[in-house]
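Novice: What follows is a single structure, and I will ask about it in a moment.
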Amino acid sequence: MRKVLLLSFCSFLAAVSINFLEKRLYPLVLREEIRVVPKQEVVNFLCLDHRGFAADLFFIKVNLHSGSLVWKPLKFQFDSDWSYGMMDLITDLDPKYYTAYLFSAMGLIHNFDDVKRARPILEKGMKVFPQSWELPFWMGYDYYVYLEEYEIACKYLWEAAQKPNSPKIYLALLLSVFRKGGAYKKALWALESMLAEAEDENLKKVYQKKLLQLQNLAFLQDMTQKYKREKGHFPNDLKDLIEERIIAKIPDDPMGMSYEWDEEKRRVVVR
């Protein structure tokens with residue numbers, strides 16, 4: 001019994017001591033690392049043609065750097081230039097490293113500018129994996145959520161939607177991005193797909209109204225382009241289309257809203 005109590009007491013003291021040392025000493029050994037992206041030629045020479053193995057090691061290193069920021073003090077910041085430089089090297093060493101491409105657009109985004117750093121890596125991956133819907137999807141998602149650059153987001157999300165096996169679950173997101181980006185014809189495609197999948201009759205009625213609204217937006221957008229071709233500039237107001245007899249009247253909105261020309265965005269909007 002005494003041995004058990006003594007062992008328990010010693011274990012308790014050991015646990016307290018370790019906890020004390022962690023709190024007192026461990027933060028003192030944290031140092032900012034010196035990070036350098038090695039030349040690919042040097043890596044090729046040193047890895048003795050085991051490029052995939054080298055790519056794995058570098059990928060783990062980038063993962064550790066990114067993930068360790070969760071528990072490190074705030075003075076330790078994410079090194080975007082090094083991390084994306086390494087991801088570029090990793091995907092050069094192993095062009096079929098699919099996880100590395102995905103990680104560049106998903107787990108490695110720490111700052112807004114990281115979206116632009118990820119873009120050339122994702123585009124490299126799209127050439128290697130032309131059937132992948134995930135790579136263009138995440139690129140479009142990042143531009144939509146982080147940078148709010150809707151036209152670029154539209155480009156990538158539309159590309160993702162055309163890939164085989166692209167999931168229908170993202171159609172609502174596609175619809176939102178296409179509308180905000182002024183890609184009304186693409187938004188029509190997304191909404192028509194949603195309407196075809198809908199089972200609730202009340203939901204179908206809402207979709208049908210939104211479908212008509214998008215058709216009106218697409219029509220008016222085409223007419224403003226026609227006006228520009230004829231006049232050399234966009235109209236100041238949609239009423240200019242009527243005055244030039246390009247359209248007979250501005251269509252009624254099924255949702256009771258109105259169509260207007262947004263000079264800053266250079267497209268027809270509904271308000």
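Rule-based calculations on the coordinates, nothing more; no lab input. A quick note: this is a predicted structure, and the numbers were derived from the prediction, not measured. Glycine also receives a Cβ, built like all others from the backbone with ideal geometry; neighbour counts cover every protein chain displayed.
Novice: Out of 156, 184, 98, 144, I need the residue that is within 22 Å of residue 255 (Cα to Cα) and hydroxyl-bearing (Ser, Thr, Tyr). Which one?
Specialist: That would be 184, the only listed residue that is within 22 Å of residue 255 (Cα to Cα) and hydroxyl-bearing (Ser, Thr, Tyr).
Novice: If we only count helices (runs of 4 or more DSSP H) wholly inside the stretch 86-199, which ones have 2 or more residues that are more than 15 Å from the chain's Cα centre (by Cα) and within 30 Å of residue 36 (Cβ to Cβ)?
Specialist: 98-105, 113-128
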